[in-house]
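Step one of this worksheet: look at the structure below.
Computed from the coordinates by the stated procedures, all read-outs in this text should not be read as laboratory data. Bear in mind the structure is a predicted one, so any value in this text is a computation, not a measurement. Ideal geometry is used to build each Cβ from the backbone, glycine not excepted, and the neighbour counts take in all protein chains shown.
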């Protein structure tokens, strides 16, 4: 979840993706143009899966980098969600 609006920097970038939607878009940094990028906007949350659809392997496309915020400090908490299939089952 992004807690602040950011004028410059702060994008979360997924450089390993095959899609490169920001190539040539000067509103994004050179780092952000390497893959799919999300600009921080106050109140937005970013959810992505770090495992493949079988939950047996790490999805390399989920590797991400956070570009440094240039205009002011932004706090971004991180939350991990368990991905084991039995993690969501209720036990009596």
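For the range 4-46, what class follows from the C-alpha gyration tensor (a ≥ b ≥ c being the square roots of its eigenvalues): rounded when a/c is under 1.5, otherwise prolate if a/b is larger than b/c, else oblate?
Details: a/c = 2.56, a/b = 1.52, b/c = 1.69.
Because a/c hits 1.5 or more and a/b fails to exceed b/c, the range 4-46 counts as oblate.
Computed FRET efficiency, Cβ-Cβ of residue 65 and residue 5, R0 25 Å: what is it to the nearest 0.05? Intermediate values should be presented prior to the final figure.
Numbers: r = 20 Å, r/R0 = 0.81.
Efficiency, from the Cβ-Cβ distance: 0.80.
Once the Cβ-Cβ distance of residue 52 and residue 31 is raised to the sixth power relative to R0 = 30 Å, the FRET efficiency obtained is 0.70.
In percent, rounded to a whole number, the relative contact order of the range 2-45 is 55, using alpha-carbon pairs under 8 Å and six or more apart. Debye-formula intensities of the range 1-76, expressed as log10 I(q)/I(0) at q = 0.14, 0.24 Å⁻¹, are -0.47, -1.10 (one equal scatterer per alpha-carbon, no solvent). Each of 71, 29 has some number of other Cβ atoms within 10 Å of its Cβ, and from fewest to most they run 71, 29.
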